[in-house]
2 protein chains.
Amino acid sequence: MSHTVGVRQAQKQKTRQALLDAGLRLLEEQSLSSLGLREVTRLVGVAPAAFYRHFRDMADLGVALVEEALGSLHVMIRAILAEQNGDEERIEGTVDAVARHVRAYPAHVRFIARERHGGVRPVREAIAAELGRFVDEVAAAFALQLEADGWSAEDIRMLAELYVDHMVMTAAAFLEAAPDRSAVADASASEDPAAADRAASAAEARIAATARSQLRIISLGRQHWRDA
Amino acid sequence: MSHTVGVRQAQKQKTRQALLDAGLRLLEEQSLSSLGLREVTRLVGVAPAAFYRHFRDMADLGVALVEEALGSLHVMIRAILAEQNGDEERIEGTVDAVARHVRAYPAHVRFIARERHGGVRPVREAIAAELGRFVDEVAAAFALQLEADGWSAEDIRMLAELYVDHMVMTAAAFLEAAPDRSAVADASASEDPAAADRAASAAEARIAATARSQLRIISLGRQHWRDA
DNA sequence: TCATTCAGTAAACAGCCGTTCTCTCACTTT
DNA sequence: AAAGTGAGAGAACGGCTGTTTACTGAATGA
């Protein structure tokens, strides 16, 4: 029917996405610097040479994955910042949003946590740049409220960094609480999948409670900042 | 003179340490999951098969590196906790100690930051276990002061986790501010090494100032915790 | 309709990988 | 002094790696 923008480009982007998906899947159990080109193309079912039609090398694919992973995070952040409730509701909303996001995109979150300090420089820099943009967003949202209270721009940014780092930290903690099937088999000697689920969600609840308390600490510190 | 405990075992441990050192050096520019056995033995100047006399595989070497890296950190933590000064002095001491430690053992710190969420499960677990012991130590040190103020054990541990995570975060940030020679060449187009040093130490000072402010936020939050 | 473009194929390349042998020979124990 | 031990050497193995080459054939645009 309607030739969207060319059957050819559509097929190309489809393969490109398949490469990204395969890469992300393989990266759940290894680091980017050990991910092989042939490994990815094999999983997609495509010739190794086809890889070069889409990415220069693995670092290039990694940078593309960073944009994909952190693009979806931007949506989440904006939703949290949009809430104009009180402190306690904002804390609740933040932790819930992080938990939901980790559940929805575990591979993306794992990739970011893993490669943030990983062995591939261009990817590290891409993550740092994108997280920096997050800090800017959070800082801008805080500025409306805090500038009136006499906060300097640097202090607002400092606080925003603390929040963003804490969110990344919390997301990584949630990931370890929701382990993959093999780790579940290790943890519970029994073969009861329901027991594993219960153990995992209990760990998740504990992490959420810790994260909320930590955010409360930071929130209290923010309220009393001017007394210094 | 004195036969320590056998010339043979001494030589073996010497080679073992050489393997660990070579591994740590190579890990500055890649992740553990991509580090090759031959790569390490080649740098040491030893046959590939000799590796197996000391480690089962690369993950085994990684776990050994975790103990080496976090053993030296224990010393640092204890030194900070020993200080019985006021809040501001403790904050200053903490950030200074972290900065000094990153300068003294950059490769160790980089390894921990990189492999904490890296692709090798046994290493991840070893780091998590060791960091957990840190949290215990910090929590025990806080307990003396905070239990009297009516803090629960869980809340003390929550606060200790926040501190430890913030220290790891800060250490990782310092690392990025003190880049290796190649990155310095990228950053400053000139060939003036002094200019690069100045830029690096300026970035370091900025990170230290941010870390101090963040610790102040947390400290203020801790002081007003009971009001909830 | 015909020439062009280009995503993906298939094969071949040199090179590195982890692992397994057998061997040597300096140290250790008796 | 003799027997035993064990760290390391050296070579060989099959298998996997990234990259390049020449190619096919379907979607494209004139």
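The values are calculated or read from the model by the stated rules, or taken from the named source; none is laboratory data. Predicted model only: the values in this text are computed from it and were never measured. So basically every Cβ, Gly included, is an ideal-geometry build from the backbone, and we count neighbours across all protein chains shown. Heavy atoms of the whole protein, side chains included, go into the accessibility calculation; ligands, DNA and RNA do not. Shrake-Rupley method; radii C 1.70, N 1.55, O 1.52, S 1.80 Å.
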For a distance above 14 Å, tell me the whole-number percent of Cα pairs in region A:1-55 that qualify. 54 percent
Chains B and A: how much accessible area gets covered up at their contact, both sides added, probe 1.4 Å, in Å² to the nearest hundred? 3100 Å²
Cβ-vector label at 7 Å, B:Val75, separations to other copies in nm: 5.0
Which one of A:Ala113, A:Ala194, A:Ala69 has the biggest mean-square fluctuation once chain A is modelled by GNM with Cα springs under 10 Å? A:Ala194
Mean other chain Cβ within 10 Å across A:220-226 is 6
Mean residue ellipticity (222 nm) of the protein assembly as shown, computed from DSSP H runs ≥ 4 via -39,500 (n - 2.57), nearest 500: -25500 deg cm²/dmol
Tilt relative to chain B, helix B:121-146 - C-alpha long axis, 0 to 90 degrees, to 10: 30 degrees
Nm distances between the label at A:Ala129 and the same-position labels in the remaining copies, 7 Å along Cα→Cβ, shortest first? 4.0
Solvent-accessible area of B:Met167 with every protein chain in place, 1.4 Å probe, in Å² to the nearest 10: 30 Å²
Computed D for region B:47-168, Stokes-Einstein, Kirkwood radius over alpha-carbon pairs, 37 °C, 0.692 mPa s, to the nearest µm² per second, is 207 µm²/s
What's the extension gain from A:Arg53 to A:Asp192 if we count 0.36 nm per residue and subtract their Cα-Cα distance? 45.4 nm
Please express the Cα-Cα pair-distance distribution P(r) of chain A as a list of whole percents, one per 10 Å bin, running from 0 to the bin with the greatest distance. 7, 27, 29, 23, 12, 3, 0
Rounding to the nearest 10 and keeping the result within 0 to 90°, find how far the Cα-based axis of helix A:87-104 lies from the longest principal axis of chain A. 10 degrees
Net charge of neighbours whose Cβ lies under 14 Å from the Cβ of A:Pro48, counting Lys and Arg as +1 and Asp and Glu as -1: +1
Treating the angle as unsigned and between 0 and 90°, give the value, to the nearest 10°, between the Cα long axis of helix A:58-82 and the longest Cα principal axis of chain A. 40 degrees
Scattering profile of region A:112-184 from the Debye formula, Cα beads only, expressed as log10 I(q)/I(0) at q = 0.11, 0.13, 0.20, 0.27 Å⁻¹, is -0.39, -0.51, -0.88, -1.13
Taking B:Ala10 in one copy and the same position in all the others, each labelled 7 Å out along Cα→Cβ, what are the pairwise distances from the first, in nm, shortest first? 7.6
In nanometres, what is the gap between the two model label sites at A:Ala79 and A:Ala148, each 7 Å from Cα along Cα-to-Cβ? 2.8 nm
Roughly to the nearest percent, how much of the accessible area of region A:86-208 is carbon and sulfur, given a 1.4 Å probe? 54 percent
Determine how many Å³ per residue the convex hull of the Cα atoms of the protein assembly as shown encloses. 232 Å³
Shape category assigned to region B:96-224 from the gyration tensor of Cα positions, a/c cut at 1.5: oblate
Suppose all protein chains stay in the model; what accessible area per residue would a 1.4 Å probe give for region A:1-55, in Å²? 69 Å²
If R0 = 51 Å, then A:Gln223 and A:Arg121, at their Cβ-Cβ distance, give a FRET efficiency to the nearest 0.05 of 0.80
